[in-house]
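J.: The structure is given below, and queries will be raised subsequently.
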Amino acid sequence: MRVLVTGGAGFLGSHLVDLLLEKDHEVIALDNFITGSPENIAHLEGNPRFTFLQLDAARRFDIDGSIDLIFHFASPASPDDFRRIPLDVLRAGSYATHNSIELAQKKNARYFLASTSEVYGDPLIHPQPETYWGNVNSVGPRSCYDEAKRYAEAVTVTYRDHYGLDTRIVRFFNTYGPRMRLDDGRVVPNFIRQALLGEPLTVYGEGQQTRSFGFYSDIVDGVYRLAMSDYKEPVNLGTHEERTILEFAQLVITLVGSTSQIVHVAAAVDDPKQRHPDITRANTILDWHPSTNLEDGLRASIEYFRKRI
Ligand code: UDP
């Protein structure tokens, strides 16, 4: 297939590009490097099946030739980004979704939207199944991301139901691994960086909020399975590796072998208190079963970050 990946130099986007090339597809990656990095795709230079275009998917663009499949992965995704570059977050979920899905329609391509567990907001149901409608604050500090992704899902199902476009929607839960930005502000790079430097790990609030962590290789495998399936409803991809943030901080300190302490700082506004996916759909429909346990995934991530400190 000839495949387009927006956000192809990002953390997950670049891992997806690698998997697509391994599967013998031809790949065109777009990125404006607002949160992606040239380093994430540097190893692909000279690969005849890979093309990179530095452009902003939120501005109108066209691609020569046929395209069979479009993955829309471009978006900042860290809560720090929601404060730092909220308009770019909104534009990635809105304009860039329109631009990429219109291209899919024009090229008669399958369209794959990267959505998020943030569509469930601060959930009132645990674990969260795809049928849950969520508990989102539309005027809070996370709304630029949550609502943009909810809007992107609405755009996608509108093209599916009114124009017959062949679409897929994945909802990612917290995903981590090599190629995350050391300074992206999310809990995994923050804690690993702090532990490696011997600095205090900054737990926001009491640290009793939970997250479930998925390793990138499992997650992109699920993405590929969904893309190649004929399933058109949203699918959660995440794991049952649920930890409180306090437990997670202690685990990172242990695995790094660090002398860092833990400090509690101000809680984040609208921080979801518990997040844990129901992955029955991915298990049954895609026969997808994440296999990397948290300790192994963290060890690999720590090695990656250690070289970049
Ligand atoms: N968090 C924390 N310290 C940090 C960064 C994050 O305690 O230095 C917490 C944050 O409050 C949230 C969880 O870790 O409860 C996950 O945050 P992250 O920014 O990784 O992403 P989120 O899951 O909130 O989108």
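Every read-out reported here was derived from the displayed coordinates using simple, explicitly stated rules and does not represent laboratory data. These numbers come from a predicted model, not from an experiment. Positions of Cβ are generated from backbone atoms using ideal geometry, with glycine treated the same way; all protein chains shown enter the neighbour counts.
J.: Can you bin every Cα-Cα distance in segment 164-309 into 10 Å intervals starting at zero and give me the percent of pairs per bin, rounded to whole numbers?
T.: Computed distribution, short to long bins: 11, 38, 31, 15, 4, 0.
J.: In addition: Return the whole-Å distance between the Cα centroid of segment 1-74 and the Cα centroid of segment 219-247.
T.: Value for the Cα centre distance between the two parts: 21 Å.
J.: Between Ala42 and Arg299, what length in nm is gained on full extension when 0.36 nm per residue of separation is reduced by their alpha carbon distance?
T.: 90.2 nm
J.: Taking R0 as 35 Å, what FRET efficiency do you get between Met228 and Val265 from their Cβ-Cβ distance, rounded to the nearest 0.05?
T.: Between Met228 and Val265 the formula returns 0.20.
J.: What is the chain's relative contact order, in percent, from Cα pairs under 8 angstrom and six or more apart in sequence?
T.: 17 percent
J.: How long are the three semi-axes of the equivalent ellipsoid for segment 57-104, computed from the Cα gyration tensor as the root of 5 times each eigenvalue, in whole Å, largest first?
T.: So the three semi-axes of segment 57-104 are 24, 10, 7 Å.
J.: Now for a separate question. Based on the Cβ-Cβ distance from Tyr151 to Arg243, what FRET efficiency comes out when R0 is 22 Å, to the nearest 0.05?
T.: It comes to 0.10.
J.: Name the lysines eligible as straight-distance cross-link partners of Lys232: C-alpha to C-alpha under 23 Å, and not fewer than 8 places from it in the same chain.
T.: Lys23, Lys106, Lys107, Lys149
J.: Ok, one more. Give the separation of the Cα centroids, segment 258-284 to segment 92-130, in Å.
T.: Centre-to-centre distance over Cα atoms comes out at 22 Å.
J.: Two decimals, Cα atoms only, Kirkwood Rh: what is Rg/Rh over the chain?
T.: Details: Rg = 18.6 Å, Rh = 19.6 Å.
Across the chain, the Cα-based Rg/Rh ratio is 0.95.
J.: In addition: For the chain, what does -39500 (n - 2.57) per DSSP helix run (n ≥ 4), summed and divided by total residues, give at 222 nm, in deg cm²/dmol to the nearest 500?
T.: -11500 deg cm²/dmol
J.: Report the extension gain between His162 and Gln208 in nm, rounded to one decimal, defined as 0.36 nm multiplied by the number of residues separating them, less their alpha carbon distance. Could the numbers behind the result be given before it?
T.: Numbers: separation 46, 0.36 × 46 = 16.56 nm, distance 4.36 nm.
In short, 12.2 nm is gained.
J.: Rounded to the nearest 0.05, what FRET efficiency do Arg308 and Thr254 give with R0 = 25 Å and r taken as the Cβ-Cβ distance? Could you check?
T.: 0.75
J.: Fewest Cβ neighbours within 10 Å first, please rank Thr244, Thr284, Thr35 accordingly.
T.: Listing Thr244, Thr284, Thr35 from fewest to most nearby Cβ atoms yields Thr284, Thr244, Thr35.
J.: I need to check one value: relative contact order of segment 169-309, counting alpha carbon pairs closer than 8 Å and at least 6 residues apart, in percent.
T.: 38 percent
J.: How long, wide and thick is segment 5-49, going by the Cα atoms along their three principal axes, in whole angstroms, largest first?
T.: 28, 17, 13
J.: Moving to a separate point now. Fewest Cβ neighbours within 10 Å first, please rank Tyr204, Tyr159 accordingly.
T.: Going from least to most buried by this count: Tyr204, Tyr159.
J.: Moving on. Taking neighbour Cβ counts within 10 Å as the exposure measure, how do Trp288, Trp133 sort from fewest upward?
T.: If I rank by nearby Cβ atoms, fewest first, I get Trp133, Trp288.
J.: Further question on the same structure: Quick one: go through segment 16-37 and flag any residue whose amide nitrogen is under 16 Å from the point 7 Å out along the Cα-to-Cβ line of Leu182.
T.: Of the residues in segment 16-37, 37 have backbone N under 16 Å from the label point off Leu182.
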